[in-house]
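Notes for the one structure printed next.
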């Protein structure tokens, strides 16, 4: 008999996230992969500044808190200090990774650092009250774009997977979602592959998870998941954007 249990790599504590927030889903997927690969004792996670700033309370592996946006740089240092024994991942939101941390992200990818990056894209600054983020959609209403994001003054959203896929360095770039069961299953496969790539020494892997923020979007959890499907995914198409070993550069 198969029993649905909490992964050992996920701490048995209440999460602080808002009702309907998909961070808990992605935490579980990461923890399941760590369990299945048997790497908990070797894994070091890097927590960001953002809604997941307290990720160090939720994973049973060693965790380090990075300054805002610096998670890839911290991960690089830790990985290079003992590359044969450390499995290092960062867990970052769009403000942390695609705004203040963009330089660290791009250069870690360009160097093909052998780390794994889990990137949550919910198109808004969640922790600080719902301001416009680098990934907010054109026309999206936020606290700092009350009439909708105007691309004439705020520019266009940054598509991280598309941008990083143009670099020669990265090994594997994929965009997934967790808005329904089939997509959750695909997301887990992508996260597992990203960790396996690091174990195999292949280099930089980034998994972008198109996510929801019901609280700051002003929606119910159900409405937010529907908006992910109707608005976010058309703008941020899912799929593999770079996979050198799999030769699946489909976008």
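We did not get these values from a lab; they are worked out from the coordinates using the rules stated. These figures come from a predicted structure and were not determined experimentally. When we count neighbours, we look across all protein chains shown, and the Cβ atoms used for this are built from the backbone with ideal geometry, even at glycine.
Please work out whether segment 26-92 counts as rounded, prolate or oblate from its C-alpha gyration tensor, where a ≥ b ≥ c are the square roots of the eigenvalues and a/c under 1.5 means rounded, while otherwise a/b larger than b/c means prolate and anything else oblate? Judged from the Cα gyration tensor, segment 26-92 comes out oblate (a/c at least 1.5, b/c at or above a/b). Of the residues 211, 165, the one with the fewest other Cβ atoms within 10 Å heads the list, and the complete ranking is 165, 211.
Legend: ranking of residues 16, 27, 86 from fewest to most surrounding C-beta atoms inside 10 Å; resulting order 16, 86, 27.
At 222 nm, what value in deg cm²/dmol follows for the chain if DSSP H runs of at least 4 each add -39500 (n - 2.57) and the sum is divided by all its residues, to the nearest 500? Working shown, then result.
Details: 8 runs with 74 residues, N = 251.
Mean residue ellipticity, 222 nm, calculated: -8500 deg cm²/dmol.
Between segment 89-159 and segment 1-67, the C-alpha centres lie 22 angstrom from each other.
Please state the shape class of segment 23-243: rounded when a/c is under 1.5, otherwise prolate if a/b exceeds b/c and oblate if not, all from the C-alpha gyration tensor.
Working: a/c = 1.66, a/b = 1.52, b/c = 1.09.
Verdict is prolate for segment 23-243.
Ordered by the count of other Cβ atoms within 10 Å of each Cβ, fewest first, 206, 167 give 167, 206.
Quick check on segment 138-251: take the gyration tensor over C-alpha atoms, sort the square-rooted eigenvalues as a ≥ b ≥ c, and tell me if it's rounded (a/c under 1.5), prolate or oblate.
Values: a/c = 2.74, a/b = 1.60, b/c = 1.72.
Note, shape of segment 138-251 comes out oblate.
Looking only at 110, 133, 154, which one moves most when the chain is put into a Gaussian network model with springs between Cα atoms under 10 Å? Sorting by GNM fluctuation, first place goes to 154.
Taking the highest mean first, how do the peptides 40-53, 136-149 order by number of other beta carbon atoms within 10 angstrom per residue? Walk me through the numbers before you get to the answer.
Numbers: 40-53: 21.6, 136-149: 16.1.
Put in order of decreasing packing, that is 40-53, 136-149.
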